[in-house]
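Chemist: Supplied in structure tokens, the structure appears directly below.
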């Protein structure tokens, strides 16, 4: 009975970690699109001058363990530049910058998989390249990219727990704090694990719903 | 006005891909309402020639004029000329994520700046013209090759071009589907559309063309009205070439 009352007492505190974890995930997916998509376009259509720096960026953020990135930015780069940022902001930014590196490569592959004829046909109608990319290439490549991009969601969700290391008050951090206070170990970590799994399940459900909603007969992942 | 006589003028076009000289000085002129058919063996530069006209493949040398305005070296204005020069491709190149209707609409909205209602009405009218109005809501993957090609013709027509380039429009189709596409093209020709057609359909060339241009090794080897080419012994090469096809087809 004592265990149940401890769980009930601390559960709201744990639940508030959902918002924090979700914030980290959204930042990574959001920055992934906002930064990653232009990078992908730059890699496909840009000159060498554009492609080389993007290549270095991707190589850097994919080449280092997240923990190294977090420490580098939290203890080194941001303080060095005079920014006094909260652990959450640093965690969100680092996951976002890293997400952009990974997601840019999903988008790049999708853009490159759109047939050359689509651009040629668009240009033959008098569209400039920018217009063709916006109205023809992107609507197609985004549909092609969506399954791979959705797949990033569980990766990022599980990766986000590493922000524990810089003290972001996300699910794992809160679970550990509760364990330290109450000496109740398994039930608390199991509760945290259960929440991760539910978030994973719910998020994938939503993403699959979007995939179905924008599917086009005979096109992309919906083909055959 | 001498320049007004011809709507399209092609002057001394050269194009090489590496060491391979595909076009070695091609010149011709097109009057409004004419249908020119380009024939010749594969690899003689017919398709490249069409792509040089709307600069999808920029020529190495030579010039193209539309209504007396230079299309070559026109910088950003090339997008204006491409609206005026329609193109139909061997593999249709319909936009795979758009319905037949939207395929025809999209450039009207994005390039010509039409309102959605206006574009829709125009697109439906063009689909009707090619007999595809009932398929307006279908996606390219749901259409037969012949239907897809007719939609792509409607897409080109919707821009109200001065001339349409047909790059082997039936080469990817079986004979039955070929016929439905050629029927549409014949009607267009009769309605006075100016057309440049690269094809191996000799029946179409002989019956619909005002002029046949026979290409060999990157130049126009012989040209003239079908009746003249087929009957005048001076044009033996083109006659032999056409003859092979007709024999093979059993026509």
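Chemist: Can you tell me which of B:190, B:234, B:147 moves the most in a GNM of chain B? Springs connect C-alpha atoms under 10 Å apart.
Modeler: Sorting by GNM fluctuation, first place goes to B:234.
Chemist: Taking R0 as 41 Å, what FRET efficiency do you get between residue B:77 and residue A:81 from their Cβ-Cβ distance, rounded to the nearest 0.05?
Modeler: Working: r = 47 Å, r/R0 = 1.14.
Taking R0 as 41 Å, the efficiency between residue B:77 and residue A:81 is 0.30.
Chemist: At q = 0.07 Å⁻¹, what is the log10 ratio I(q)/I(0) for the protein assembly as shown, with the Debye formula run over Cα points and no solvent?
Modeler: For the requested q values the scattering log ratios are -0.53.
Chemist: Whole angstrom only: what separates the Cα centroid of region B:177-224 from the Cα centroid of region A:86-105?
Modeler: Their Cα centres are 58 Å away from one another.
Chemist: Take peptides A:209-218, B:37-46 and line them up by average Cβ neighbours within 10 Å, highest first, as a rough protection proxy.
Modeler: By packing density, highest mean first, the sequence is B:37-46, A:209-218.
Chemist: Between the alpha-carbon centers of region A:1-63 and region B:101-163, tell me the distance in whole angstrom.
Modeler: Measuring centre to centre over Cα atoms gives 42 Å.
Chemist: State the antiparallel share, in %, of DSSP beta bridges confined to the protein assembly as shown, rounding to the nearest 5.
Modeler: Working: 22 of 38 bridges.
Roughly 60 percent of the beta bridges in the protein assembly as shown run antiparallel, per DSSP.
Chemist: For region B:74-190, just list the percent of Cα-Cα distances falling in each 5 Å bin from zero outward, please.
Modeler: Calculated over all Cα pairs of region B:74-190, the distribution is 2, 13, 23, 26, 21, 10, 4, 1, 0 percent.
Chemist: Please compute, for peptide B:105-117, the average count of beta-carbon atoms on other protein chains lying within 10 Å of each residue's beta-carbon.
Modeler: That works out to 3 on average.
Chemist: Against the longest principal axis of chain B, how steep is helix B:116-129, in degrees 0 to 90 to the nearest 10, with axes from Cα atoms?
Modeler: With rounding to tens, the tilt is 50 degrees.
Chemist: How long are the three semi-axes of the equivalent ellipsoid of region A:2-222, in whole Å, if each is the root of 5 times an eigenvalue of the C-alpha gyration tensor, listed from largest down?
Modeler: Numbers: eigenvalues 309, 102, 24 Å².
Rounded to whole Å, the semi-axes are 39, 23, 11.
Chemist: Compute the whole-percent fraction of alpha carbon pairs in region B:32-78 spaced more than 17 Å apart.
Modeler: Details: 458 of 1081 pairs.
When all Cα pairs of region B:32-78 are counted, 42 percent exceed 17 Å.
Chemist: Top mean-square fluctuation among A:152, A:116, A:170, Gaussian network model of chain A, C-alpha springs under 10 Å?
Modeler: Between A:152, A:116, A:170, it is A:116 that shows the largest mean-square fluctuation.
Chemist: Going by a ≥ b ≥ c, the root eigenvalues of the Cα gyration tensor, does region A:1-42 fall in the rounded group (a/c under 1.5), the prolate group (a/b larger than b/c) or the oblate group? Intermediate values should be presented prior to the final figure.
Modeler: Details: a/c = 11.00, a/b = 6.63, b/c = 1.66.
In terms of gyration-tensor shape, prolate.
Chemist: Right, another one. List the relative contact order of chain B as a percent without decimals, with contacts defined as Cα pairs under 8 Å and 6+ residues apart.
Modeler: 25
Chemist: Can I ask one more? In degrees from 0 to 90, rounded to the nearest 10, what is the angle of the helix A:87-112 Cα long axis to the longest principal axis of chain A?
Modeler: Taking Cα atoms only, the helix is inclined about 30 degrees.
Chemist: For Cα pairs less than 8 Å apart in space and 6+ apart in sequence, what is the mean separation divided by the residue count of chain A, i.e. the relative contact order in percent? Before the final figure, lay out each step's value.
Modeler: Working: 233 pairs, mean separation 62.6, N = 224.
About 28 percent, as a whole number.
Chemist: Can you pull a Stokes-Einstein diffusion coefficient for chain B at 37 °C (0.692 mPa s), Rh from Kirkwood over Cα pairs, as a whole number of µm²/s?
Modeler: Details: Rh = 18.7 Å.
So the translational diffusion coefficient is about 176 µm²/s.
No lab work stands behind these numbers, since they all come straight from the coordinates. Quantities reported herein were computed from a predicted structural model and do not represent experimental measurements. Neighbour counts are summed over all protein chains in view; Cβ atoms, including those assigned to glycine, are modelled from backbone coordinates with ideal geometry.
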